[in-house]
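The values are calculated or read from the model by the stated rules, or taken from the named source; none is laboratory data. Just so it is clear, the structure is predicted and the values come from calculations on it, not from any experiment. Note that each Cβ is placed from the backbone with ideal geometry, even for glycine, and that neighbours are counted across all protein chains shown. Note: accessible area is taken over every heavy atom of the protein model, side chains too, but ligands, DNA and RNA are not part of it. Shrake-Rupley method; radii C 1.70, N 1.55, O 1.52, S 1.80 Å.
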Amino acid sequence: EAGVAQSPRYKIIEKRQSVAFWCNPISGHATLYWYQQILGQGPKLLIQFQNNGVVDDSQLPKDRFSAERLKGVDSTLKIQPAKLEDSAVYLCASSPRPGGGTDTQYFGPGTRLTVL
Amino acid sequence: QKEVEQNSGPLSVPEGAIASLNCTYSDRGSQSFFWYRQYSGKSPELIMSIYSNGDKEDGRFTAQLNKASQYVSLLIRDSQPSDSATYLCAVNRASSGYSTLTFGKGTMLLVSP
């Protein structure tokens, strides 16, 4: 079974530029998560999708971050414009059942973003 | 504000020793608890989950949960150099038909040969 796929793996941009990340979850997984992990910190949930609907985006900086999950499958996370403090690893995860619950979350390899 | 607290470490133990990693959480409504291992430059991988008070053993790993004290721990017996990693405690609370994970900052474990 293929794992969670993410691209690109690395991205370097200048502040005020835009960037987009892509995630393809494990086939059939209903719930998809985007996390931001700053160096030395634990992952912080940005947004959670259940199928193609948003169930939690309370920690998403909506003035600059946006995300969508088309047809309940893959997802994109966009930052526009980027700030220096957005430098982090962006992790995508998926879990099998709607709502997550006690499901294991399977993480992708992450995208390391550096904002100069 | 839901919080999950861990000592950042590093926790240094010699090979073959028991490593003890601790975690406290603030949300009394938390229902399930997870330990993830994260190697440097890699993504987190689940090593243990625990849902009820007491101990849960899986190979060299034992998770312990005390909901009254809002405390979760992970014991690693016969520690190996390959166990050197950051261990993330994560706490899950369900509400309105979905659940979210809150992670601690992680404890770095160093196992010396």
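Structural remarks
- With a Förster radius of 30 Å applied to the beta-carbon distance between B:S12 and A:N51, the computed FRET efficiency rounds to 0.10.
- Net charge dipole, the protein assembly as shown: roughly 560 debye, given to the nearest 20, about the Cα centre with Cβ charges of +1 for Lys and Arg and -1 for Asp and Glu.
- Bridgeable aspartates and glutamates around A:K44 (alpha carbons under 13 Å apart, same-chain partners fewer than 8 residues away excluded): A:D56, A:D57, A:D86, B:E3.
- Dipole magnitude of chain A about its Cα centre (Cβ charges: Lys, Arg +1; Asp, Glu -1), debye to nearest 20: 300 debye
- Farthest toward positive dipole pole in chain B [+1 Lys/Arg, -1 Asp/Glu at C-beta], among B:C23, B:N92, B:P113: B:N92
- Cα centre as origin, Lys/Arg/Asp/Glu Cβ charges: the stretch A:48-116 dipole, Debye: 140 debye
- Count, lysine Cα pairs under 24 Å in chain B, 8 or more residues apart or across chains: 6
- Summarising the overall dimensions of chain B from its C-alpha atoms, the Rg and Dmax are 13.7, 48 angstrom.
- Portion, in percent, of the accessible area of chain B that falls on carbon or sulfur, probe 1.4 Å: 46 percent
- Threshold 10 Å², the stretch A:21-49 residues less accessible with all protein chains present than alone (1.4 Å probe): A:Y35, A:Q37, A:G40, A:Q41, A:G42, A:P43, A:L45, A:Q48
- Potential lengthening between B:D58 and B:L46 on full extension [0.36 nm per residue; Cα-Cα distance subtracted]: 3.1 nm
- Semi-axis lengths, Å, the stretch A:44-116, gyration tensor of Cα atoms, sqrt of 5 times eigenvalues: 23, 14, 11
- Cα gyration tensor shape of the stretch A:1-42, rounded if a/c is under 1.5, else prolate or oblate by comparing a/b with b/c: prolate
- Geometric extent, Cα atoms of the protein assembly as shown - Rg, Dmax (angstrom): 17.6, 50
- Cβ-defined net charge surrounding A:K83, 13 Å radius [Lys, Arg +1; Asp, Glu -1]: -1
- Estimated FRET transfer efficiency when R0 is 25 angstrom, pair B:N22-A:Q59 (beta carbons, to 0.05): 0.50
- Chain A - share of DSSP beta bridges that are antiparallel (%, nearest 5): 90 percent
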